[in-house]
Amino acid sequence: MFDAMKAISVSTELVEEELKPHLDVLLNLLLEKKKGTAEKIVSSGVLPILAQVLRKKSPLTSQVTLMVAEMAREAAVRERCIEAGLVTALVPLLNSPDQDQLLHTGRAIGRICFENAVQQTQLVENGVIPRLVAIMQQYPENDPLVNVCLLALCNLADVDAAREALVEVGVAEVLTYQLKRAPDAERRHLILEVLGSLGESDALKLQFVEAGVPEALSEMIRTLQGGSDTHDLCSIKVASNLIVTLLLGDESMQKCFGEGTGMVYQDVLSWLQSANTELQLSGALAVANFARNDSNCVKMLDLGVVPRILDLLEQHVAEGDVSVQHAGLSALRNLAIPASNKVRMLEDGVTERIRTLLRSDMPPVQFKLLGTLRMMVDGQEEAASVLGKDEVLLARVMEWCEAKDHAGVRGEANRLLAALIRHSRNPEVIHTVIKADGVQHLISMATSEHVIMQNEALVALAIASAIDIEAVQEPFRDADLLPTLQKMLDDPVVAVEVKFSALGLICSLANSSMLREQITSLNLRNTLSKLSAHTSTKLAKQADTVMAVLSETA
């Protein structure tokens with residue numbers, strides 16, 4: 001070994017006949033994979049000679065490339081290989097017409113540059129991306145060579161310049177073809193990893209869809225379903241997640257939907273009824289993605305998607321998967337956005353069926369459930385009336401209004417409470433809310449840090465007082481509503497639109513003799529007179545109106 005290294009290191013002529021036997025000795029030692037061999041070879045100073053051989057493109061090129069590929073298995077020598085100029089010497093060899101040479105070159109470059117961001121960026125700048133794709137296009141059946149190219153793409157996929165380069169070279173068709181012919185789980189995982197990294201690019205996302213990647217993934221899932229092999233199950237999970245990601249692009253989502261007849265959409269529906277929880281989750285997430293525009297939502301309802309989601313949710317109520325419930329409710333919420341869908345979903349008994357989820361102890365599910373119910377009653381008087389009179393529902397909503405550890409759940413519970421009054425405008429709902437001790441929560445909500453929540457609470461309180469002042473006056477007085485409103489009006493930080501809503505509420509409260517007494521004792525007129533000089537003319541005018549109403553009712 002030492003004689004061979006010495007002979008190579010002192011060589012200046014690079015005579016093939018002289019170098020070949022010495023290279024053979026070192027290559028055989030490397031192929032035996034004895035630990036430390038590569039480091040000894042590097043330490044002997046032969047690397048610059050090897051770089052020279054590669055640049056010369058002599059008959060020794062293939063042998064030297066294989067040597068470098070074998071040495072680069074050891075992480076300790078990679079930096080020395082870079083310093084010796086081996087990477088720059090190897091890159092032009094990717095244009096070789098010899099498939100073995102391409103294989104050795106790809107392996108050598110891949111190993112030397114593994115997890116080296118600087119080198120990877122330089123490789124992209126030196127134009128390796130189009131070459132890797134071209135090699136896979138030229139030799140699609142050469143599995144070892146395709147594997148090397150896929151590994152290289154996998155390592156380079158996170159480099160922004162690589163993604164930009166890939167947009168130009170038709171990588172989608174190459175990956176689709178390889179996905180369809182993937183001979184084993186290892187190849188599948190490699191292709192899925194490349195697709196996963198590249199699928200974050202909007203331009204590539206659309207190319208993948210146009211090249212049929214979602215259909216190829218869907219088909220792959222179909223062939224792997226039903227088994228228990230861990231590699232297959234992993235492929236199913238990654239592939240279904242990838243389809244969900246591809247659906248995040250509007251154009252790509254519409255292509256996959258195909259007016260409800262697309263193969264991918266049809267397969268997604270079947271996932272909802274799968275025994276595989278991962279597929280159920282991806283199915284629900286995919287439906288939520290498809291339901292991102294009104295026309296899709298209407299079409300999906302026509303095609304009967306809602307009962308499938310409800311079946312899935314009910315399956316997970318007792319001790320089910322939180323993620324599946326969360327995703328299923330997201331899908332229902334999106335589907336309920338078009339007004340026409342709300343009516344139909346109510347007629348189909350959706351609210352009754354999703355109320356079974358009320359017993360869930362999982363905050364993510366509670367949060368999504370409340371948001372879904374709020375969307376269902378938005379603009380729907382009948383739905384808001386039915387839910388608003390449901391004492392069991394309100395009791396649970398009251399619990400969630402006090403969820404100290406979960407601000408999101410607490411906020412959504414309060415917003416649903418306000419929505420039930422705002423959209424029902426029903427005296428019975430108001431009485432049920434009072435009975436359930438909901439007034440205090442609405443008053444607390446009016447002091448929230450979020451303007452939208454403050455306004456929703458104030459409007460709900462104003463509607464309640466306009467509909468039945470007799471029923472609400474005592475709860476309002478006991479909950480210190482008027483002192484709270486005065487504090488808001490006096491606070492310079494409170495938003496103008498919130499103060500405007502608060503003034504509207506005071507107008508309604510003036511119809512109660514009990515609350516008028518409190519208005520007088522609080523000297524609320526003083527606060528109002530200050531507001532009548534406010535820079536916002538709209539607010540100043542509203543303050544004047546309230547003072548006029550108070551004078552009339554005095």
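The values are calculated or read from the model by the stated rules, or taken from the named source; none is laboratory data. Quick caveat, the model's predicted, so the values are computed rather than measured. A quick note on method: Cβ atoms are made from the backbone with ideal geometry, for glycine too, and the neighbour counts reach across all protein chains shown. Accessible surface areas use protein heavy atoms only, side chains included; no ligands, DNA or RNA. Shrake-Rupley method; radii C 1.70, N 1.55, O 1.52, S 1.80 Å.
Counting only Cβ charges, +1 for Lys and Arg and -1 for Asp and Glu, the dipole size of segment 69-132 around its Cα centre is about 60 debye. Percent of accessible area on segment 198-242 owned by carbon and sulfur, 1.4 Å probe? For segment 198-242, the apolar C and S fraction of the accessible surface comes to 49 percent. One Cα centroid belongs to segment 257-303, the other to segment 512-552; the line between them spans 54 Å.
Put simply, the amide H of ALA495, placed in the peptide plane, has no neighbours under 5 Å, leaving out anything fewer than 5 places away on its chain. Candidates THR527, THR121, PRO307 compared by Cα position along the dipole of the chain: farthest toward the positive end lies THR527, with charges placed on Cβ.
For the residue pairs LYS404/LYS530; LYS368/LYS487; LYS255/LYS368; LYS404/LYS435, the alpha carbons lie more than 26 Å apart in LYS404/LYS530; LYS368/LYS487; LYS255/LYS368.
How about segment 359-414: which GluC sites (Glu not before Pro) there lie in a loop by DSSP and see at most 14 other Cβ atoms within 10 Å? Those that pass, being in a loop and sparsely packed, are GLU402. Over all other residues within a Cβ to Cβ distance under 13 Å of ALA69, the charged ones net out to +2, with Lys and Arg as +1 and Asp and Glu as -1.
With one equal scatterer per alpha carbon and no solvent term, the Debye-computed log10 I(q)/I(0) for segment 245-355 at 0.10, 0.16, 0.17, 0.23 1/Å reads -0.25, -0.65, -0.73, -1.33. Averaging the Cα positions of each part gives two centres, and for segment 152-174 and segment 435-507 these lie 57 Å apart. Across q = 0.09, 0.11, 0.18 Å⁻¹, segment 327-479 modelled as identical point scatterers on its alpha-carbon atoms has Debye log10 I(q)/I(0) values of -0.25, -0.38, -1.04, in the order of the q list.
For segment 469-553, the relative contact order comes to 32 percent (Cα pairs under 8 Å, sequence separation of at least 6). Against the chain, whose longest principal axis comes from its Cα atoms, helix 305-315 is set at around 90 degrees. The lysines whose alpha-carbon is closer than 26 Å to the alpha-carbon of LYS57, local same-chain residues fewer than 8 away aside, are LYS6, LYS20, LYS40.
Give the residue from ALA182, MET514, GLY371 lying farthest towards the positive end of the charge dipole for the chain; charges sit on Cβ (+1 for Lys and Arg, -1 for Asp and Glu) and the dipole is referred to the Cα centre. Farthest along the dipole direction, towards plus: MET514.
Shown are PHE367, PHE208, whose ranking by accessible area with a 1.4 Å probe and every protein chain present, most to least, is PHE367, PHE208.
Compute the angle between helix 213-224 and the longest alpha-carbon principal axis of the chain, please, reported from 0 to 90 degrees and rounded to the nearest 10. Long axis of 213-224 versus the principal axis of the chain: about 80 degrees.
Let me spell out the model: positive unit charges on the Cβ of Lys and Arg, negative unit charges on the Cβ of Asp and Glu, origin at the Cα centre of the chain. What dipole size does that give, in debye rounded to 20?
600
Ligands, DNA and RNA excluded, the heavy atoms of LYS530 present near 130 Å² of accessible surface to a 1.4 Å solvent probe.
Above 16 angstrom, tally the Cα pairs of segment 20-120 and express them as a % of all pairs, no decimals. Taking all Cα-Cα pairs of segment 20-120, the fraction more than 16 Å apart is 50 percent. For the residues THR535, THR447, THR432, THR223, a 1.4 Å probe over the protein chains yields an accessible-area ranking, largest first, of THR535, THR223, THR447, THR432.
Shape summary of segment 469-553, radius of gyration then Dmax from alpha carbon positions: 12.0, 36 Å. As a ratio to 2.2 N^0.38 Å, the alpha-carbon radius of gyration computed for the chain takes the value 1.43. Counting protein heavy atoms only, segment 469-553 has 50 percent of its accessible area on carbon and sulfur, 1.4 angstrom probe. Take every Cα pair under 8 Å whose residues are at least 6 apart in sequence, average their separation, divide by the length of the chain, and the relative contact order is 6 percent. Solvent exposure of the chain amounts to 43 Å² per residue of accessible area, where only protein heavy atoms count and the probe is 1.4 Å. In the context of the full protein assembly, ARG516 retains an accessible surface of approximately 70 Å², using a probe radius of 1.4 Å and ignoring ligands and nucleic acids.
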